[in-house]
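Participant: Below: one structure in structure tokens.
Readers should treat all values here as calculations from the given coordinates under stated rules, not as data from a laboratory. These figures come from a predicted structure and were not determined experimentally. Glycine gets a Cβ as well: all are built from the backbone with ideal geometry, and neighbour counts include every protein chain shown.
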Amino acid sequence: MMKVIDNFLSDYDFKSLTHILMGDYFPWYYNDCVVNDNDNQHQFTHVIHTCKGISPYRDINYTSDKFNFIQPLVQKLGIRNPLKIKLNSRCRTFFHRKSAYHIDIHKSVLGVLEGRKTAIFYMNTCNGWTEFKKGGKVKSVANRMVIFDSYLEHRGVTCTDEKRRVIVNFNYDEEFKL
């Protein structure tokens with residue numbers, strides 16, 4: 001299942017978030033790969049939240065001091081049990097560059113994918129997109145949210161018409177479980 005929602009945030013919340021995330025002072029961190037260690041692609045990221053065990057490099061739960069900036073998104077999605085929230089910024093490329101198809105959190109990490117959702121929020125409009133292995137693509141349109149089952153393989157595609165393509169990526173349990 002996939003659901004696309006345009007104008008996800010109110011104008012006020014979206015403009016506030018844009019001012020922060022697309023501004024000159026937000027801390028972005030260079031990654032020399034996008035999906036696989038040797039994919040010859042790069043991006044800038046900021047991990048907002050990750051649960052223990054999600055990343056092989058994290059032995060603890062981690063929450064960035066920037067978490068409060070994305071609260072309007074978390075609240076509107078109704079996330080009560082976030083697994084991973086990460087911002088991705090990919091620079092413009094001369095030709096569209098596609099990452100490898102992937103799922104964000106593998107079954108081997110958490111044991112099950114059923115009931116888990118992935119959501120992608122697009123910060124800016126550009127000619128990049130998200131493509132799904134079993135068909136379909138979602139264009140990068142500012143203030144658009146796409147929500148889908150976490151087991152669906154997908155990939156991001158760079159833009160050629162803007163300076164960068166920026167998304168907020170969410171992985172979470174659909175239902176809160178004690």
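Participant: So what are the ³J(HN,Hα) numbers for the range 118-131, from phi and the Karplus equation (6.51, -1.76, 1.60; θ = phi - 60°), rounded to whole Hz, Gly and Pro as x?
Facilitator: Rounded to whole hertz, the list is 10, 9, 10, 10, 8, 7, 9, 8, 7, 8, x, 7, 10, 10.
Participant: Loop-only trypsin sites (Lys or Arg not before Pro) in the range 68-164, please: DSSP not H, G, I, E or B, and at most 16 other Cβ atoms within 10 Å. Mind showing how you got there, number by number?
Facilitator: Numbers: sites: Lys76, Arg80, Lys84, Lys86, Arg90, Arg92, Arg97, Lys98, Lys107, Arg116, Lys117, Lys133, Lys134, Lys137, Lys139, Arg144, Arg155, Lys163, Arg164; in loops: Arg80, Arg92, Arg97, Lys133, Lys134, Lys163.
The qualifying sites are Arg80, Arg92, Lys133, Lys134, Lys163.
Participant: So what J values fall out for the range 159-172 if you push phi through Karplus, 6.51 cos²θ - 1.76 cosθ + 1.60 with θ = phi - 60°, rounded to Hz, Gly and Pro as x?
Facilitator: So the Karplus estimates, Gly and Pro as x, are 9, 10, 10, 10, 5, 7, 10, 10, 9, 10, 10, 10, 10, 7 Hz.
Participant: Here is a further query. Can you compute the charge dipole magnitude of the chain about its Cα centre, using +1 on each Lys and Arg Cβ and -1 on each Asp and Glu Cβ, nothing else charged? Give it in debye, rounded to the nearest 20.
Facilitator: Charge dipole, the chain, about its Cα centre: 240 debye, nearest 20.
Participant: On to the next question. Can you work out ³J(HN,Hα) from phi for every residue in the range 83-90, in order, using Karplus 6.51 cos²θ - 1.76 cosθ + 1.60 and θ = phi - 60°, giving whole Hz and x for Gly and Pro?
Facilitator: The phi angles translate into 9, 7, 9, 9, 9, 10, 10, 10 Hz.
Participant: Using a basic spin-label model with each label point 7 Å from the Cα along Cα→Cβ, how many nm lie between Asn38 and Cys91?
Facilitator: 2.4
Participant: Taking 23 Å as the cut-off for C-alpha to C-alpha distance, list the pairs among Lys52/Lys98; Lys52/Lys137; Lys76/Lys134; Lys66/Lys98; Lys98/Lys139 that go past it.
Facilitator: Numbers: Lys52/Lys98 29 Å; Lys52/Lys137 31 Å; Lys76/Lys134 28 Å; Lys66/Lys98 28 Å; Lys98/Lys139 14 Å.
The pairs that break the limit, which is 23 Å between Cα atoms, are Lys52/Lys98; Lys52/Lys137; Lys76/Lys134; Lys66/Lys98.
Participant: Another question, if that's okay. Taking other Cβ within 10 Å of each residue's Cβ, how do His46, His154, His102 sort, fewest first? All intermediate terms of the calculation are to be shown ahead of the outcome.
Facilitator: Details: His46 18, His154 23, His102 15.
Ordered from fewest to most neighbouring Cβ atoms within 10 Å, His46, His154, His102 come out as His102, His46, His154.
Participant: Right, something else. Toward the positive end of the charge dipole of the chain, about the Cα centre and with charges on Cβ (Lys, Arg +1; Asp, Glu -1), which of Met2, Pro27, Asn81 goes farthest?
Facilitator: Met2
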